Amino acid sequence: MVSALNEVLIIGGGLAGLSAGVALAGAGRRVRVLEQSPHLGGRARSFLHAPTGDIVDNGQHLLMGSYHSTLRFLTEIGTRDRIALQPSLRIHFVEPPGTLSTLECPPLASPWHLLAGVLRSDAFSWSEKLEISRLGRAVRQGYECTDLTVEEWLTKLGQSERVKRGFWDLISIAALNENPRRASAAVFARVLKLALFTSASDSCLALPRVGLGDCYTDAARSYIKARDGETVLGGRVESLMVRDGSCEGVRFADGSSSQAGTIISAVPWHEFVRMLPAELLRAAQYFMNILSLRPAPIISISIWMDRAITELDFAGLRGTTVQWIFNRGRILGSGRHHYSLVLSGAHEHIGRSKEELLQIALSDLARLFPAARDSKVIHSLVIKERFATFSPAVGVDAVRPAAKSPIRGLFLAGDWTATGLPATIEGAVQSGYTAAEHVLHQC
Ligand SMILES: Cc1cc2nc3c(=O)[nH]c(=O)nc-3n(C[C@H](O)[C@H](O)[C@H](O)COP(=O)(O)OP(=O)(O)OC[C@H]3O[C@@H](n4cnc5c(N)ncnc54)[C@H](O)[C@@H]3O)c2cc1C
């Protein structure tokens with residue numbers, strides 16, 4: 001048994017685990033991050049796509065100016081400049097047969113930037129602009145929506161079918177990764193308030209200009225190493241060792257173990273309940289609640305074409321199955337005609353074969369971009385993430401656990417813990433920071 005009672009063990013090398021590790025290492029604590037897989041990054045990772053030599057992300061990730069913890073994390077590890085933040089919010093929409101419209105907000109103080117952006121946008125009719133402004137007012141005034149789904153809330157606030165399907169569906173599914181008929185209006189209203197109504201720069205969108213690995217995993221690892229810590233790859237934890245209400249260490253698959261007085265679990269909820277001794281799971285409502293969480297899938301489709309089909313960096317797609325397109329070749333400056341398509345909240349599609357999903361994406365592209373009709377597909381890659389995020393269904397706030405667990409010395413982090421945010425990069429980093437704060441102030 002390895003004894004290192006003064007070190008903090010962090011289980012999971014995704015954004016939550018790495019941000020906790022960086023915060024603790026920066027505060028002078030020795031940390032050891034145990035990651036089961038051969039690479040860091042978890043659900044926000046990148047890898048080399050051998051047939052093209054391109055770096056591909058596990059799924060396209062979009063950030064926002066409101067991701068304050070994330071931007072602080074990237075600044076701390078020295079990679080903030082790898083994220084390109086829009087100077088002001090601008091979203092293009094494309095709908096069949098190729099109609100382009102834009103929502104562009106001028107650089108005014110919030111909320112006037114949004115109001116002006118919506119009013120002068122060619123994406124909505126005048127009556128739709130009034131509907132959207134009405135919803136904006138309700139969000140700012142804190143309209144009560146605790147027990148409502150997003151769909152019910154939008155209907156209650158007088159949003160027409162066209163605005164719901166052609167605008168709010170795109171925004172809410174991207175933000176929550178869930179069907180508006182299941183997703184919690186309370187979580188959505190919170191996201192809208194934080195992202196759109198705090199400051200104009202918070203509502204700007206941001207894209208990594210490099211693969212996610214280059215964005216943070218390597219830099220976080222070096223940061224921790226430079227402060228006498230380590231990240232161990234292939235270090236799968238089988239179970240937590242708990243005695244008399246205190247966490248004492250972790251056990252590995254080969255039967256070996258590692259002692260630690262303080263542990264942060266930064267694994268997804270379904271892994272956490274597997275690592276926890278069964279009798280403890282049943283002993284506290286705090287743990288039992290976690291069993292109510294459900295997953296929501298995302299499908300990412302990468303397509304390499306023989307020619308450019310659009311000059312846009314990214315766009316929301318209306319009236320199609322696929323919801324967003326990202327022009328990876330342009331964003332990363334690879335010079336290739338590489339497009340990443342996103343289908344979030346993809347419960348109805350996750351059972352389809354990869355070939356079928358590719359055909360759906362190609363048929364959507366042909367309806368949207370004339371150049372796609374004659375182009376040839378050089379390579380493609382379909383990634384189905386069944387457990388992409390937890391489902392932010394109505395009532396989810398009540399079951400997400402706080403960072404401090406009922407077991408002494410055990411803290412939880414991860415995008416699924418009680419951050420108030422949906423499962424996002426920002427939620428994960430915020431949870432890592434919160435767990436680190438608890439560790440630093442536990443004595
Ligand atoms: C396809 C896709 C697209 C997304 N798009 C966006 C987006 O555009 N914007 C956004 O903000 N968010 C997005 N997200 C969500 C975001 O990626 C996640 O919220 C975030 O990465 C979660 O980080 P985490 O550290 O909480 O969990 P994870 O990334 O899951 O990290 C947990 C880590 O723990 C490891 N682990 C698990 N079990 C064990 C064990 N027993 N022992 C040791 N290690 C273990 C795992 O291998 C993993 O590396 C997207 C997610 C997906 C899947």
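Each of the peptides 389-397, 296-304 was scored by the mean count of other Cβ atoms within 10 Å over its residues; in descending order, highest first, they stand as 296-304, 389-397. DSSP bridge analysis restricted to the chain gives an antiparallel fraction near 75%, rounded to the nearest 5.
Close lysine pairs were tallied over the chain: pairs 8 or more places apart or on different chains with Cα atoms under 20 Å apart number 8. Amide H to amide H distances under 5 Å link Thr262 with Leu9, where only residues 5 or more positions off or on other chains count and H is placed in the peptide plane. Net charge around Val439, counting only other residues with Cβ within less than 14 Å of its Cβ (Lys, Arg = +1; Asp, Glu = -1)? Net charge around Val439: +3. Compared with the alpha-carbon gap, the fully stretched path from His347 to Arg80 is longer by 92.7 nm at 0.36 nm per residue. Convex hull volume per residue, computed on the Cα atoms of the chain, equals 143 Å³. In the chain, the DSSP-assigned H stretches of four residues or longer account for a calculated mean residue ellipticity at 222 nm of -9000 deg cm²/dmol, using -39500 (n - 2.57) per stretch and the full residue count as denominator. Calculate the tail of P(r) for the range 295-390: the fraction of all Cα-Cα distances greater than 19 Å, expressed in %. Distances greater than 19 Å cover 37 percent of the Cα pairs.
Its relative contact order, with pairs defined as Cα atoms under 8 Å and 6+ residues apart, puts the chain at 24 percent.
Bear in mind that the values in this text are calculations on the coordinates, not laboratory data. The shown structure was predicted, so the numbers you read here are calculated from the model rather than taken from an experiment. Positions of Cβ are generated from backbone atoms using ideal geometry, with glycine treated the same way; all protein chains shown enter the neighbour counts.
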